[in-house]
Amino acid sequence: MFRKKNRKHGFTLVELMVVVIIVGILASVAVPIYRANIKKAMASEGAALLGSVLTAQRIYYAENNTYTTSKTALGIDTVGNKYFTDYTISTADANGFTASTTGTGAAAGVTVTMTYTNAAGATISYSGL
């Protein structure tokens, strides 16, 4: 009969430390990327709010042949928003308007800006991502 040698099974401490180091390196790269993606997802709420502003401005333009800086004239309700709860319209005339919104809470520091002209359409830009 064959005799089995008494072998120990398992990993050495060096092998375990190499695995821990590799996992640490991967985590140090992945966490900042993950946080940046979360901010981008939060910023999409701001872009949606500015999309509502665009729709309301187009309705206002159809009735008055100009765009407005008055938020009350647009009547946009931001109650359901979590990160972007207010907006400003900095310029408005018969050719277009510029509106922006700034994040609050976890989205603080993120600003979404929309510039709309009749000739070129809407352009959305992000800062603070």
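Candidates are the residues of the stretch 50-70 that are without any contact (Cβ under 8 Å) to a residue 24 or more places away in the chain and of a type in the set (A, V, I, L, M, F, W, C); the one that is surrounded by the most Cβ atoms within 10 Å (Cβ to Cβ) is A56.
Each residue in the stretch 40-49 was checked for being more than 12 Å from N81 (Cα to Cα) and surrounded by 18 or more Cβ atoms within 10 Å (Cβ to Cβ), and 0 of them qualify. Applying the criterion of being touching a strand residue (DSSP E or B) at 6+ places or on another chain (Cβ under 7 Å) and assigned to a helix (DSSP H, G or I) to the residues of the stretch 29-70, the residue that is farthest from V112 (Cα to Cα) is Q57.
Would you say G80 is closer than 22 Å to R58 by Cβ, loosely packed, with under 15 Cβ neighbours inside 10 Å and at pLDDT below 90? Yes: the conditions hold for G80. Considering only residues that are over 19 Å from the mean Cα position of the chain (by Cα) and in a loop (DSSP other than H, G, I, E, B), look in the stretch 87-106 and name the one that is farthest from G128 (Cα to Cα). Within the stretch 87-106, the match that is farthest from G128 (Cα to Cα) is A94.
The values are calculated or read from the model by the stated rules, or taken from the named source; none is laboratory data. In this text the structure is predicted, and so the values were computed from the model without any measurement. Here the Cβ is made from the backbone with ideal geometry for all residues, glycine too, and neighbour counts use every protein chain on show.
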